[in-house]
Amino acid sequence: LLLSTPAISPTLLALMGFADLVPATVQGHSRAAILCGRNGDRPTSQLYVFVPYGEPDLGRRGVRTGHYTLMIETKKEAPVHVVLHDNLADPWQLQDVAEPQPDVVRQLVADELLPWLARTGDPWRVPDEFAAMRR
């Protein structure tokens, strides 16, 4: 189960029987049904965020899916750094496959990362080569 940090508190509250106490403003959604063996909305990815102190528009953002882990890092006056791991072929994430698989990077950015950033209102400065993918 892919579980992002915002889903932890609503999931725990639901498991304890307090689902009705989760405020509507909480960004995450409960995954309690899935953990209890019932049908439920399964996320296709989980968000990864590292924000340097005082610089919310920089840092690292990424996603993990059942197949891949993507991380994109932006720093002041430095080139964009992209890392892609194939979790099925390389579960220890020892080999970066971003360069030979640019189509996978673009797909993960467009279909998973950018929607996460939009949903969470993240002020991260999307690198120019990916900004055009915003829907």
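The values are calculated or read from the model by the stated rules, or taken from the named source; none is laboratory data. Because the structure is a prediction, the values reported are computed rather than measured. Note: ideal-geometry Cβ built from the backbone for every residue, glycine included; neighbour counts use all protein chains shown. Ligands, DNA and RNA are stripped out before the accessible areas are found, and what is left, the full protein with its side chains, is counted by its heavy atoms. Shrake-Rupley method; radii C 1.70, N 1.55, O 1.52, S 1.80 Å.
Quick look at the numbers
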{"item": "Yes/no for Val82 being of a type outside the set (Ser, Thr, Tyr) and within 10 Å of the chain's Cα centre (by Cα)", "result": "no"}
{"item": "Subset of segment 20-32 (residues that are surrounded by 10 or more Cβ atoms within 10 Å (Cβ to Cβ) and in a loop (DSSP other than H, G, I, E, B))", "result": "Val22, Val26, Gln27, Gly28, His29, Ser30, Arg31"}
{"item": "Within segment 77-135, considering residues that are among the β-branched types (Val, Ile, Thr), closer than 16 Å to Leu47 by Cα and without any contact (Cβ under 8 Å) to a residue 24 or more places away in the chain, the one surrounded by the fewest Cβ atoms within 10 Å (Cβ to Cβ)", "result": "Val83"}
{"item": "Number of positions in segment 50-76 that are surrounded by fewer than 17 Cβ atoms within 10 Å (Cβ to Cβ), free of Cβ contacts under 8 Å to residues at least 24 places away in the same chain and either farther than 10 Å from Trp124 by Cα or aromatic (Phe, Trp, Tyr) (or both)", "result": "7"}
{"item": "Answer from Arg61, Arg42, Arg38 - the residue that is in a loop (DSSP other than H, G, I, E, B) and within 21 Å of Leu108 (Cα to Cα)", "result": "Arg42"}
{"item": "Unique residue being touching a residue at least 24 places away in the same chain (Cβ under 8 Å) and open to solvent by less than 60 Å² (accessible area, probe 1.4 Å) when the list is Leu35, Leu13, Leu2", "result": "Leu2"}
{"item": "Test result for Val83, over 30 Å from Ala131 (Cβ atoms), out of contact with any Phe, Trp or Tyr (no Cβ under 9 Å at 6 or more places or on another chain) and of a type in the set (Val, Ile, Thr)", "result": "no"}
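Table: residues versus (1) closer than 25 Å to Gly28 by Cα; (2) assigned to a loop (DSSP other than H, G, I, E, B).
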| residue | (1), (2) |
| --- | --- |
| Thr69 | yes, no |
| Gln95 | no, yes |
| Val104 | no, no |
| Ala110 | yes, no |
| Arg119 | yes, no |
| Arg125 | yes, yes |
